[in-house]
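The values are calculated or read from the model by the stated rules, or taken from the named source; none is laboratory data. A quick note: this is a predicted structure, and the numbers were derived from the prediction, not measured. Neighbour counts run over all protein chains shown; Cβ positions are idealised from the backbone, glycine included.
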Amino acid sequence: MNARTLRQTIEHRNERPPHTKRVITTQSDTPAPAVTAWTDSNRPAASDRALEDCRAVMDPLESKWKRGFAVVGAALTFATTSTAAQAAVKLHDGQSGFKVRPATVLVSGDGTAWLGGKASGDNGDYGRIRWRTFRSSGALGDGRIFITECDPDCAGGRRWSTKAVIRAQRVRHGRFTRLSARYRHGGRTVTKRWRLQVNSPTYAYWFALRS
């Protein structure tokens with residue numbers, strides 16, 4: 001390389017721009033955009049229209065929801081009242097007082113007629129009535145009727161029992177006032193009926209009606 005070529009090379013290097021250092025700007029160096037709060041004076045008209053459209057849709061739905069809740073509440077109240085009313089219906093057992101689904105019912109003042117279930121009737125064991133339904137519209141049960149015939153007298157009379165269908169009806173003040181038992185005896189169907197007789201708040205019994 002001669003002197004002339006060397007001089008041109010040096011001049012060319014001197015003409016190159018100096019190295020530029022890159023500066024990386026972080027997010028903290030950039031100013032945050034200003035946030036403008038909406039007020040009644042500067043709210044865009046489009047937002048008001050959107051709000052009105054939303055209210056037009058939601059108000060009818062809110063009314064339907066309120067009516068639906070009212071109907072459901074009324075139904076629950078009715079169901080609770082009906083359940084409580086049916087649970088309060090009672091039948092006098094002819095001995096100790098009014099009960100729900102009594103096991104036995106004494107239907108004679110002298111102890112010669114009982115309604116019960118599957119049992120022998122010895123030593124006061126009359127079993128239990130199997131109630132199918134027990135509500136204010138009526139009670140229906142399966143059981144037996146136990147009869148002691150007072151011939152020649154009640155102490156020495158013949159005692160017998162047979163299957164019976166037991167019904168209770170006509171509710172007054174939460175109490176059944178009519179009772180019946182239908183059974184087969186002597187080759188024929190017999191229906192015995194009784195009416196509740198209340199003499200005082202603590203004393204009541206079943207009065208036999210004519211068949």
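Would you list the strands (runs of 3 or more DSSP E) that sit entirely within segment 151-211 and hold 1 or more residues that are in contact with a helix residue (DSSP H, G or I) (Cβ under 6 Å, 6 or more places away or on another chain), surrounded by fewer than 13 Cβ atoms within 10 Å (Cβ to Cβ) and not assigned by TED's automatic domain parsing to the domain that holds Ser120?
Those strands (runs of 3 or more DSSP E) do not exist here; none qualify.
Among the residues of segment 136-146, is there at least one that is loosely packed, with under 13 Cβ neighbours inside 10 Å and of a type outside the set (Asp, Glu)?
Yes, the conditions are met somewhere in segment 136-146.
Quick one: which of Val165, Val171, Val198, Val190 is free of Cβ contacts under 8 Å to residues at least 12 places away in the same chain and touching a Ser or Thr at 6+ places or on another chain (Cβ under 9 Å)?
Result: Val198 is the single residue among Val165, Val171, Val198, Val190 that is free of Cβ contacts under 8 Å to residues at least 12 places away in the same chain and touching a Ser or Thr at 6+ places or on another chain (Cβ under 9 Å).
Would you check if Gly109 is outside any strand (DSSP E or B) and touching a residue at least 60 places away in the same chain (Cβ under 8 Å)?
For Gly109, the condition - outside any strand (DSSP E or B) and touching a residue at least 60 places away in the same chain (Cβ under 8 Å) - is met.
For Ala119, state whether it is modelled with pLDDT of 95 or more and touching a strand residue (DSSP E or B) at 6+ places or on another chain (Cβ under 9 Å).
no
For Thr133, which of the numbered conditions (1) within 17 Å of Trp206 (Cβ to Cβ); (2) assigned to a strand (DSSP E or B); (3) not acidic (Asp, Glu) fails to hold?
Looking at each condition in turn, Thr133 falls short on (1).
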